[in-house]
1. Mind checking the alpha-carbon convex hull of segment 337-435 and giving the volume per residue in Å³?
2. If amide hydrogens are placed 1.01 Å from N in the peptide plane, which non-local residues have theirs closer than 5 Å to the one on Leu303?
3. Can you work out the Karplus-derived ³J(HN,Hα) for every residue in segment 322-328? Use 6.51 cos²θ - 1.76 cosθ + 1.60 with θ = phi - 60°, whole Hz, and x for glycine or proline.
4. Give me the compactness ratio for segment 3-433, meaning the Cα radius of gyration over 2.2 N^0.38 Å.
5. With charges only on Cβ, +1 for K and R and -1 for D and E, what is the dipole size of segment 3-433 about its Cα centre, in debye, rounded to 20?
6. Using a 10 Å cut-off around each Cβ, can you sort Phe298, Phe214, Phe109 from fewest to most neighbouring Cβ atoms?
7. Please report the net charge: other residues with Cβ closer than 15 Å to the Cβ of Asp361, K and R +1, D and E -1.
8. Relative to the longest principal Cα axis of the chain, at what angle does helix 172-201 sit, 0 to 90 degrees, rounded to 10?
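Throughout, read-outs are computed from the coordinates displayed, never taken from laboratory work. Computed from a predicted structure; not experimentally measured. Every residue, glycine among them, receives a Cβ derived from its backbone with ideal geometry; neighbour counts consider all protein chains shown.
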Amino acid sequence: MSPGIMGLMLLGGLLLLLAIGMPIAFSLGLVSIVALLLTEGMGSLDLIGELVFGNLASFSLVSIPMFILMGAAISASPAGKDLYEALDRWLNRVPGGLVLSNLGACSLFAALSGSSPATCAAIGKMGIPEMQKRGYPDEIAAGSIAAGGTLGILIPPSITMIVYGIATETSIGRLFLAGVLPGVMLTALFMIWTLIACRRRGLGVDQLGRRYTFRERVAALPRVVPFLVVVLAILFVLYGGVATPSEAAGVGALFCLLLVILIYRLFSLKSLGRLFRDTLKESVMIMLIIGASELFSFALSSLFVTQSIAAWIADLDVNRWVLMAIINLFLLVAGFFLPPVAVILMTAPILLPIITQAGFDPYWFAVVLTINMEIGLITPPVGLNLYVINGIAPEITLRSILVGSIPYVLCMVLAIVILCLVPEIATWLPSAVIG
């Protein structure tokens, strides 16, 4: 049987298990074990434990639960509410400033939490009712929050970037830096579209008469600034060579936890227990996916599926930008059905040799891949952010949320095009800081 047919059977089995609702890690593990048993026999069982646990016995993986704890601490506090209120006071004189405040709060909260669903939930709980109260249509209110939440996997520190670095053995520090300017650019594109949409529909004009004094604006900052200082400190110790990503993540999580306890008086053992429980659940889920994906990658490699796909793509007699367009389309479709972590772990090791051989920068590609995953977060059938928004604002239909998200999807596509035309947006900062 040819590797292509075996690969299709393996993929078909995986999609079938996912379609019936089996968790991603178990689906990856089950199809991998069955494939190894059928091709290698019972002797392959000796390798399973070594592959799964050997891949998880990496010090760099410590950064994942630490950054998750950091995000959980921020999410458990009213930090999102404070970010939103602070930005609203500074941007209320701009037409559509309330939506811009939400987008700005999403980008800052995303940098603190590193989680797209957490960003949507934290900012959406405050922002959506306030926008509805001031007459903004449901599409703009929900779509802007759903899109703003996607920034959580691009703006550092990003768990998705950490997973990419582990899967491809690339520098996590460089990956974080590569995401900074594209994250700012994408936020700016979201805001530009929001300004255009609000001006065309005359939204937010009635708020221009409301004035805040400089003292009132500054008064909203003390609770927000300490958390932003923690993020800047993490980036400083990473790029200053003071600490490894795992060490920086541990210290960042500790300081965020202390800030939440001191600023928001989160002394309750019940609240802290819930925080650590949520961190443990999400960390174990990601670790299981990482371990199972290693097994899946080994099964593909043993069946020569990986090598065949790589050889087939490499043999395509096409321009390298056509090749990149094919890869982007593949990633986009994969993101429609699978979460970012799963897509990265399954595809990055296969695609990295291909894109480097074609002359593309691996850190630039990480940013392009991540933006593709962001699109998947606000497009059906999975569209995790769509369901998070629907959960916190059930009165808004999924159709309205999707309609409101489409212009921001086009902004992401435009961001990918701009990155293709000007790759230095992603590559300049890592080269300037690290060399």
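1. Convex hull volume per residue, Cα atoms: 119 Å³.
2. Close amide H contacts, sequence-distant or interchain: none at all.
3. My calculation for segment 322-328 gives 5, 4, 5, 5, 4, 5, 4 Hz in order.
4. 0.99
5. Computed about the Cα centre, the dipole is about 1820 debye.
6. Taking fewest neighbouring Cβ atoms as first place, the list is Phe214, Phe298, Phe109.
7. Around Asp361, the surrounding residues sum to +1.
8. Approximately 50 degrees, to the nearest ten.
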